[in-house]
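Okay, structure first, notes after.
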Amino acid sequence: MSLGVNEEMPILKGNRLSSGIKDLDIILEGGYLNPGSHVIMGPSGIEKNAFAYHFVATVAQNENAYIICAGHAPNEVIDKAGGIGLDLNKSNIRFIDCYTSTLGTGQVAATEKTRVVGGPTALNDLSLTLNEIIGESTGKKIRIVFDTLSTFVLYNQKDSIRKFLNLIDGRLKSVGATTIYLIDDGVHDKQTISLVLHGMDAVYTIGDSGNGKTILAIPEIDMPIPIKVGPTGIVII
């Protein structure tokens, strides 16, 4: 099957969805594999989240984007993104709130842009909600971010997480979705990490170079990429 190319920039492959970071798109030959499942793993901090916010903020008019919130409430995610110059207040950026009702204030109501799921242990409800967003996105590409997958892993049995990921991975890819899973580094044991990473198309790891600089390791190249967060988000330096 032909991979195709981007007509405006022929060096970029057609089966990619922009990361929202121009220099990273060039390195990745167009962005993240579409459809595809990708992990961004790193320590607590804005860098990991910033990659996800770039991906969502770049949503085109003929696409829908969804952030599955398990670490912060939707309004907190919007504020964090705004703090680095990324606007998530778009009509086709929506939220699935798995945080507020059990881990946050407990006061949450569904709105036009936010669906509510009763906490990170409600995997069946989340699966049904994903079915709903697939239905409303018929004919469109879908961008999905799990912010963070670590919360779901911590609150569920390993076998339940394995079954859940296997189920939704095939379902989302079948409708042309590209999914970013954020994982907190240093929180899970090696067996759990191996379980989560099984079947993922790519893993991007954020770390420390040893001299105080933040680096990104990606599958496509051997050399880690120095990065920083500036007023407009992630900058490759």
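Coordinate-derived values only; no laboratory data. Just so it is clear, the model here is predicted, and its values are computed rather than measured. Using ideal geometry, Cβ is built from the backbone for each residue, glycine included, and neighbour counts are taken over all protein chains shown.
For Leu165, the conditions (1) of a type in the set (A, V, I, L, M, F, W, C); (2) farther than 27 Å from Gly31 by Cα; (3) in contact with a Gly (Cβ under 8 Å, 6 or more places away or on another chain) are fulfilled apart from (2). Across segment 88-112, which residue is farthest from Thr232 (Cα to Cα) among those that are under 19 Å from the mean Cα position of the chain (by Cα) and either surrounded by fewer than 15 Cβ atoms within 10 Å (Cβ to Cβ) or among the aromatic types (Phe, Trp, Tyr) (or both)? It comes out as Tyr99.
For segment 19-47, a residue qualifies if it is within 20 Å of Ser150 (Cα to Cα) and either surrounded by 23 or more Cβ atoms within 10 Å (Cβ to Cβ) or of a type outside the set (D, E, K, R) (or both), and the qualifying residues are Gly36, Ser37, His38, Val39, Ile40, Met41, Gly42, Pro43, Ser44, Gly45, Ile46.
Can you go through Ile180, Ile215, Ile168 and tell me which one is aliphatic (A, V, I, L, M) and over 18 Å from the mean Cα position of the chain (by Cα)? Don't jump to the end; show me each part of the working.
Working: Ile180 fails: over 18 Å from the mean Cα position of the chain (by Cα); Ile168 fails: over 18 Å from the mean Cα position of the chain (by Cα).
Result of the check over Ile180, Ile215, Ile168: Ile215.
Check Ala52, Ala70 and return the single one that is closer than 21 Å to Thr214 by Cα, in contact with a strand residue (DSSP E or B) (Cβ under 8 Å, 6 or more places away or on another chain) and among the aliphatic types (A, V, I, L, M).
Details: Ala70 fails: closer than 21 Å to Thr214 by Cα.
The match here is Ala52.
A search for C-beta distances below 7 Å between a residue of segment 192-209 that is among the aromatic types (Phe, Trp, Tyr) and any residue that is crowded, with 16+ Cβ neighbours inside 10 Å and outside any strand (DSSP E or B), counting only pairs 6+ apart in sequence or on different chains, returns Tyr204/Ile218.
Among the residues in segment 152-166, are any under 21 Å from Gly45 (Cβ atoms) and touching a His at 6+ places or on another chain (Cβ under 7 Å)? Lay out the reasoning, then the answer.
Step one: of segment 152-166, the residues under 21 Å from Gly45 (Cβ atoms) are 152-154.
Now restrict to residues that are touching a His at 6+ places or on another chain (Cβ under 7 Å): 153.
Yes, there is a match, as at least one residue in segment 152-166 is under 21 Å from Gly45 (Cβ atoms) and touching a His at 6+ places or on another chain (Cβ under 7 Å).
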